[in-house]
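The values are calculated or read from the model by the stated rules, or taken from the named source; none is laboratory data. None of the values given here were measured: they were computed from a predicted structure. Cβ coordinates were reconstructed from backbone atoms using ideal geometry, including for glycine residues, and neighbour counts include every protein chain displayed.
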Amino acid sequence: MSENALFAPLPEFSRQAHVSSLDAYRALCAKAEQEPEAFWAEQAERELHWFEKWNHVFEWNPPFVKWFVGAKTNAAYNCLDRHLETRADKPAILFEGEPGDRRTLTYRQLHSEVCRFANVLKSRGLKAGDRAIIYMPMIPEAVVAMLSCARLGVTHSVVFGGFSAEALKARIQDLDATLVLTADGGWRRGKEVRLKDAVDEALKDCPGVKNVIVAQRTKGQVNMTAGRDHWWHELEAGVSDDCPAVHLDSEHPLFVLYTSGTTGKPKGILHTTGGYMTFVVSTMKWVFDLKEDDVYWCSADIGWVTGHSYIVYGPLAAGATCVMYEGAPDYPAWDRWWQIIAREKVTILYTSPTAIRALIKQGDSWPNQHDLSSLRLLGSVGEPINPAAWEWYHRVIGKGRCPIVDTWWQTETGGILIAPMPGAIALKPGSGTFPMPGVLADVVDFSGSPVNDGAEGFLIIKRPWPSMIRTIWGDPQRFEQQYFSRIPGIYFTGDAARRDKDGYLWILGRVDDVMNVSGHRLSTMEVESALVRHPAVAEAAVVGKPHEITGQAVCCFVTLKKDVSSNHHDLAQDLRKWVAHEIGAFARPEEIRFTEALPKTRSGKIMRRLLREIVTSHTVTGDVTTLEDLGVVTKLAAQHDED
């Protein structure tokens, strides 16, 4: 598909949308740009409950910002208590475990569980300002843990359950946490993931942890250290479910979420309460066009920021019904997701391009076996979605009638910054389209000057928004240096982008994912998108490798679709010609390596940094704590070009 391909909103969708026309979108943006204080004050008042109102909407002292200064609120109160009058019996969580067990928690039931567990935390001496680590599977107790901490003002840091004991230890130590909330284990592809064992290993070097509370999920045998370790169900037996939410300052630290740094030391991204909550509930309605009767499913894990903002805080603050699934999309077969959508009548699905590509690889027969007619909106998150994957998602899953909201944002941004409003904006496959109201984005050169339409540059955000990162935990200098030193006072995203002649934004990936081949700046995503348009290719990752003549040469790692039978030598030659035809002769790959799998983080992002190490030194020496399968890297390092 070319970037001239336009998919206009269907009239029946626009008629009932929260933002129903391009003019309405532009009016929102104009008000947010011209009167930011009035705009965000109006959003905050409409979308949240405040115990005390603010003195100032925001204070901006670059690089530090405060939102709704002097106000008092509580994230858990906004997710639960305020719904009890009108939504008490509405399902908040529709849970399905990988083994097939199911639970439904209404807003009344979730409120009761959160209050009860918050009282458990109080009985262990936890109070506002303390810090807790949450290391759990995708079960309702993980949401209860987050909201119970938020209710008391205990700052939480969720660590993805796939992380190792070493990664867990680093986060406990950096946060100086005194409490760990975990489970005996969880289920993944029919096997038990033993979480408590990892906690025990990590805590050998974490003497500051005084309490470990363990939810029972798999009922596997675990060690319990007397005085420190406690069973969740035993502590909450007979405990009252009356626990008033603490009135917290708008800037009270809600959570710290760690993301891998380029140095290998994880960065603790700090998000606070009032501004973050205002932005995530606003974007829930703008981007997902959320309605009262929607059944919404974000397939992420709560260990990632997507899970924080668009499984827990955003949807629950908006009063949504959320599907929560514990396991893998391919267990016991590749139609597990489609079964859930058909049974629960899911109306909104929000997932990653990585998952979409994996599903494409298995063929259309799996989704075609199930009734997906309940779906009315599809979403994409995590990395730019290539047009071929977009087209499959639109045609096979959405049956050509569901708009796709391709969202760009980061752990640091807290919420979605660039995405289409589906009732207002015509879609271009592969483009995030336009920024949210109040998000002043631009594409600039090294000096900070805007580049011409069609030219590549650096994506920046010129004004603070309510959910932006407040600092890096314990390291404000690193925060300033990393995000605000390139162009003083301007948020530097670290992503490359371009704006086309129609004003649409195209995210090209990280700045270090741009190659320079014979003087041509070439994004890895552009070559990857060309490769996956080839009928034989399921997935591709592209990196630049040093070259004596051209400066850098294009090196491609390619996985093939199932049942593609071809001589690798001939197919490599065909793919070289294909890329040269699609982009230009200068982009012709020098190396193509076929592989059964690509190195990915546990959240599904391709680790191109490791691929660059492989093509330059044939070894991997960098941080691999977030890598899902080390064996993939080992095999790739031993491979040679198919020529």
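Could you list, in sequence order, all residues of the stretch 543-563 that are in contact with a strand residue (DSSP E or B) (Cβ under 9 Å, 6 or more places away or on another chain) and over 12 Å from Phe594 (Cα atoms)? Those that are in contact with a strand residue (DSSP E or B) (Cβ under 9 Å, 6 or more places away or on another chain) and over 12 Å from Phe594 (Cα atoms): Val543, Gly544, Lys545, Pro546, His547, Thr550, Gly551, Gln552, Ala553, Val554, Lys562. For the stretch 559-582, does any single residue satisfy the condition of being modelled with pLDDT under 90 and closer than 19 Å to Met607 by Cα? The answer is no, given that none of the residues of the stretch 559-582 is modelled with pLDDT under 90 and closer than 19 Å to Met607 by Cα. No other residue among Trp337, Trp392 is among the aromatic types (Phe, Trp, Tyr), over 20 Å from Ser529 (Cα atoms) and modelled with pLDDT of 95 or more apart from Trp337. Going by the conditions given, is Val405 in contact (Cβ under 8 Å) with a residue 24 or more places away in the chain and crowded, with 24+ Cβ neighbours inside 10 Å? Taking the combined requirement at face value, the residue satisfies it.
The residue pairs whose first member lies in the stretch 47-70 and is without any contact (Cβ under 8 Å) to a residue 24 or more places away in the chain, whose second member is assigned to a strand (DSSP E or B) and basic (Lys, Arg), and whose beta carbons are closer than 6 Å, counting only pairs six or more residues apart or on different chains, are Glu59/Lys66. The set of residues from the stretch 402-423 being over 10 Å from Thr493 (Cβ atoms) and part of a loop (DSSP other than H, G, I, E, B) comprises Cys402, Pro403, Thr407, Thr411, Gly414, Gly415, Ile416, Ala419, Pro420, Met421, Pro422, Gly423.
Just so you know, in the stretch 213-244 the residues that are closer than 23 Å to Trp187 by Cβ and small (Gly, Ala, Ser) include one that is modelled with the highest pLDDT, and it is Ala215. For the stretch 391-398, the criterion of being assigned to a loop (DSSP other than H, G, I, E, B) and touching a residue at least 12 places away in the same chain (Cβ under 8 Å) is satisfied by at least one residue.
Listed by position, the helices (runs of 4 or more DSSP H) inside the stretch 272-367 whose residues that are surrounded by fewer than 19 Cβ atoms within 10 Å (Cβ to Cβ) number at least 2 are 336-344, 353-361. Checking each residue in the stretch 586-620 for being under 24 Å from Ile385 (Cβ atoms), in contact with a helix residue (DSSP H, G or I) (Cβ under 7 Å, 6 or more places away or on another chain), free of Cβ contacts under 8 Å to residues at least 40 places away in the same chain and surrounded by fewer than 19 Cβ atoms within 10 Å (Cβ to Cβ) picks out only Ala597. Scanning the stretch 589-615 for residues that are among the basic types (Lys, Arg) and in contact with a His (Cβ under 8 Å, 6 or more places away or on another chain) returns a single hit, Arg593.
Filter the stretch 201-231 down to the residues that are among the charged types (D, E, K, R) and surrounded by fewer than 19 Cβ atoms within 10 Å (Cβ to Cβ), then identify the one that is nearest to Cys149 (Cα to Cα). Residue satisfying both the conditions and the ranking: Lys210. Among residues of the stretch 368-382 being in a loop (DSSP other than H, G, I, E, B) and at pLDDT 95 or above, the one that is surrounded by the most Cβ atoms within 10 Å (Cβ to Cβ) is Leu375.
In the stretch 194-216, the residue that is nearest to Phe160 (Cα to Cα) out of those that are of a type in the set (A, V, I, L, M, F, W, C) and assigned to a helix (DSSP H, G or I) is Leu195.
Every condition in (1) part of a loop (DSSP other than H, G, I, E, B); (2) more than 20 Å from the chain's Cα centre (by Cα); (3) small (Gly, Ala, Ser) holds for Ala388 except the one numbered (1). Report whether or not Thr262 is at pLDDT below 95, of a type in the set (Ser, Thr, Tyr) and over 16 Å from the mean Cα position of the chain (by Cα). Yes: the conditions hold for Thr262.
Conditions (1) crowded, with 18+ Cβ neighbours inside 10 Å; (2) touching a helix residue (DSSP H, G or I) at 6+ places or on another chain (Cβ under 8 Å); (3) free of Cβ contacts under 8 Å to residues at least 12 places away in the same chain, marked per residue:
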{"site": "Gly454", "(1), (2), (3)": "no, no, no"}
{"site": "Gly457", "(1), (2), (3)": "yes, no, no"}
{"site": "Arg470", "(1), (2), (3)": "yes, no, no"}
{"site": "Gly474", "(1), (2), (3)": "no, yes, no"}
{"site": "Gln477", "(1), (2), (3)": "no, no, yes"}
{"site": "Ile490", "(1), (2), (3)": "yes, yes, no"}
{"site": "Ala496", "(1), (2), (3)": "yes, yes, no"}
{"site": "Asp500", "(1), (2), (3)": "no, no, no"}
{"site": "Leu505", "(1), (2), (3)": "yes, no, no"}
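One line per residue, one yes/no per condition, for (1) more than 16 Å from the chain's Cα centre (by Cα); (2) in contact (Cβ under 8 Å) with a residue 24 or more places away in the chain:
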residue	(1), (2)
Leu203	yes, yes
Val239	yes, yes
Pro244	yes, no
His247	yes, yes
Thr278	yes, yes
Ser282	yes, yes
Trp297	no, yes
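Ile583 meets the conditions (1) in contact (Cβ under 8 Å) with a residue 40 or more places away in the chain; (2) under 24 Å from Ile614 (Cα atoms) in every case but one. The failed one is (2). Checking each residue in the stretch 14-27 for being surrounded by fewer than 19 Cβ atoms within 10 Å (Cβ to Cβ) and assigned to a helix (DSSP H, G or I) picks out Arg15, Leu22, Asp23, Ala24, Arg26, Ala27. Would you be able to say whether some residue in the stretch 127-138 is touching a Lys or Arg at 6+ places or on another chain (Cβ under 9 Å) and surrounded by fewer than 20 Cβ atoms within 10 Å (Cβ to Cβ)? For the stretch 127-138, residues touching a Lys or Arg at 6+ places or on another chain (Cβ under 9 Å) and surrounded by fewer than 20 Cβ atoms within 10 Å (Cβ to Cβ): absent.
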